[in-house]
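Quick notes on the structure that follows.
Only the coordinates and a few stated rules stand behind these numbers; no lab work does. Everything quoted here is computed from the prediction, not taken from an experiment. Heads up, the Cβs are rebuilt from the backbone with ideal geometry, glycines too, and the neighbour counts pull from every protein chain shown.
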Amino acid sequence: MIRGLADAASAALGMADRFPGGHGVIVTARRGLVLEMLMFTGDESTPEEAIAAGVHLRARYPTARRMMLVSVLRNVDLQTPNELDVDMWRSAVERCAQARLELWEWIMTSDGLIRSLSITADTERAWRSTSA
């Protein structure tokens, strides 16, 4: 079950412990029941692969309503907000919405640190979403 930000951060850090790098997607039903989790770990993996997989899984699971993304990075400064990350977040939210899937979180990890792109990009929306 992934019901809020603490669960999302825990899942992301768990993936970071298992994989040296990559981008993943976790698709859940409305109340947080995990339906599918995928991690793309190749050197050439991109967030786009994870987003596309999540959108595809929406068609496979009729109860799928929400998804979160995880990016496991190495040696990346997560303390300073990056405008490119915010733009990627907004684009991904729109793409998922077109598939009737709520992208509610994107956690980036690097060397034990985490960043929530939902909070970085839109604090008010993020807190409404994680409390729903």
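Quick notes on this one:
- Residue count for the range 58-83, restricted to those that are out of contact with any helix residue (DSSP H, G or I) (no Cβ under 7 Å at 6 or more places or on another chain) and on the phi < 0 side of the Ramachandran plot: 17
Conditions tested, residue by residue: (1) hydrophobic (A, V, I, L, M, F, W, C); (2) crowded, with 17+ Cβ neighbours inside 10 Å.
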{"position": "Leu73", "(1), (2)": "yes, yes"}
{"position": "Asp77", "(1), (2)": "no, no"}
{"position": "Glu83", "(1), (2)": "no, no"}
{"position": "Val86", "(1), (2)": "yes, no"}
{"position": "Arg95", "(1), (2)": "no, no"}
{"position": "Ile107", "(1), (2)": "yes, yes"}
{"position": "Thr120", "(1), (2)": "no, yes"}
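- Residues in the range 10-29 that are surrounded by fewer than 16 Cβ atoms within 10 Å (Cβ to Cβ), not in a loop (DSSP other than H, G, I, E, B) and not acidic (Asp, Glu): Ser10, Gly14, Arg18, Ala29.
- Of all residues in the range 41-51, none are among the hydroxyl-bearing types (Ser, Thr, Tyr), within 13 Å of the chain's Cα centre (by Cα), surrounded by fewer than 18 Cβ atoms within 10 Å (Cβ to Cβ) and part of a helix (DSSP H, G or I).
- For the range 96-123, a residue qualifies if it is of a type outside the set (A, V, I, L, M, F, W, C), assigned to a helix (DSSP H, G or I) and either within 18 Å of Thr63 (Cα to Cα) or without any contact (Cβ under 8 Å) to a residue 12 or more places away in the chain (or both), and the qualifying residues are Gln98, Thr123.
- Filter result for Arg66 (closer than 17 Å to Met1 by Cβ and buried (at least 19 other Cβ atoms within 10 Å of the Cβ)): yes
- Among the residues examined, Met37 qualifies as over 20 Å from Ile119 (Cα atoms), within 14 Å of the chain's Cα centre (by Cα) and not in a loop (DSSP other than H, G, I, E, B).
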